[in-house]
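The values are calculated or read from the model by the stated rules, or taken from the named source; none is laboratory data. Note that the coordinates shown come from a computational prediction; the quantities given were computed from them, not determined experimentally. We place every Cβ from the backbone using ideal geometry, glycine too, and count neighbours over all the protein chains shown.
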Amino acid sequence: MKTYIQLLRTNPDYFRLWIAQAVSLLGDWFNTLVLSALVSNLTDGSGLAISVMLLCRFVPPLIVGPFAGVLIDRFNRKNLLILSDVLRVFIVLGFLLIHTRDSLWLLYLLTVLQFAVSTIFEPGRSALLPAVVHPDDITAANVIGTMTWSAMLAAGGALGAVVAGAFGTSTALIFDAASFAVSALLIASVQPRFAAQLNHHESDSKAKSDGKQPNIMDGLRYVRAHPSVLIALLIKPGGVVGSMDTLIIIYATSLFVVGDKGAGSLGILWALFGVGSVLGFPLFSRLNKDGSIRTMRRLIILAYGFLTAGWFIFGAAQSLWIAGLGLFVRAIGGNVYWTYSTVILQKSSPDDYLGRIFSLDWIGWQASLVISIIITGFLLEQLGEESVRAVVFGTGVVSVIVLLLWTQAVRWLENYESRTAASREPERAEMAIT
């Protein structure tokens, strides 16, 4: 913890970027809780309706993502983050117009717009981070960011339920809109100052002088030529097998209902998930002492193991608290694989490609989510909500397969890198003699 506190104390630019993230995430969880409960209640808990809402959140990045990555590598990243925050202020305020089932179309439309804009913000923030912190602090900065996501999940889930119940959904949505405004103001004061940002501007200027601009195909060619980056891009998609959001909503609003229409049980489940996410890092930090890419790849195997165990506990739950325990265990591994995969990409990729790399990372994650949402929604609609536990157990079985595949991928990559290093030794020796 001393490392994280010191980073926040000595780097005011990162501190402001961190506060902006915390405020925005707190509002996001207000938004998620309110809209999830609203759709469930307006449609009598329809699994298909909930899945449509989630698809509206996850499909836009698949369409906008490739172009977003090019924009992030072509234009000022900080300004793009500010613009996306301002646009989301007005989009979120539009949710205040939704009160009946007939207006669900507007909820879906606004959700599409909100997450299309978010497609620029999330990869942009990951691409900007190396310009805000020293290279030695990259891992610590990402850990803080992921822990903040988890803490805001816990706080937002609990606080959102209280605010929505005491003051109504309109207040929660207004808070969400205000959080984006505060985030924009904080980001405006951030001054990127490390070599990554300087290299970005110099390379960008050179590209412009040569009449060339960053494009999608260049990014794809770079990934294809670097297996370590390609395999790292598979980590997040592998970790989101199964539509956790859909299943949590059904558990909270149908199986273990607490509070007004399940808002209380939603808050409890998301809060326990957030707590598990935070507590996972102390365990893994002790195992990641050298902070090397090789070590982080191996620890992701362990993280996938926690994901798998969490699914089986969640499926066997006979009470809200056992369901929360399953989410707690799953979250321990979830945030670890997310953080380490981000750090691996930041350390493995040049700054000029980070926008496109993280857009591909975001697209892969969203694509896996979309597939999971479609399959989960279809199974629940065909089998009925009484079969929800069977769907969860099936997801656990798929997670076992992912765990085994990633284990093999790590072994292959380590052997590949060893062969590559050995083949370069004669060349290095010749250069040393010269």
Scan of segment 325-338 for residues that are modelled with pLDDT under 90 and either outside any helix (DSSP H, G or I) or surrounded by fewer than 24 Cβ atoms within 10 Å (Cβ to Cβ) (or both), ordered by number | W338
Would you call L279 within 16 Å of T32 (Cα to Cα), among the aliphatic types (A, V, I, L, M) and outside any loop (DSSP other than H, G, I, E, B)?
-> no
Does I120 satisfy being touching a helix residue (DSSP H, G or I) at 6+ places or on another chain (Cβ under 9 Å) and either outside any helix (DSSP H, G or I) or within 12 Å of P61 (Cα to Cα) (or both)?
-> yes
Flagged in segment 39-55 as hydrophobic (A, V, I, L, M, F, W, C) and surrounded by 21 or more Cβ atoms within 10 Å (Cβ to Cβ), in numbering order, are V39, I50, M53, L54
From the options R356, R411, R424, residue that is at pLDDT 85 or above, charged (D, E, K, R), surrounded by fewer than 15 Cβ atoms within 10 Å (Cβ to Cβ) and in a helix (DSSP H, G or I) = R411
Counting only residues that are in a helix (DSSP H, G or I) and at pLDDT below 90, how many does segment 298-320 have?
-> 3
Please tell me if I373 is assigned to a helix (DSSP H, G or I) and either touching a residue at least 40 places away in the same chain (Cβ under 8 Å) or more than 25 Å from Y304 (Cα to Cα) (or both).
-> yes
Of all the residues that make up segment 128-137, how many are modelled with pLDDT of 85 or more and either out of contact with any Phe, Trp or Tyr (no Cβ under 7 Å at 6 or more places or on another chain) or in a helix (DSSP H, G or I) (or both)?
-> 5
May I ask you to list the residues in segment 296-330 that are within 30 Å of L413 (Cβ to Cβ) and among the hydroxyl-bearing types (S, T, Y)?
-> Y304, T308
Pick out the one residue from G310, G315, G276 that is of a type in the set (G, A, S) and surrounded by fewer than 24 Cβ atoms within 10 Å (Cβ to Cβ).
-> G315
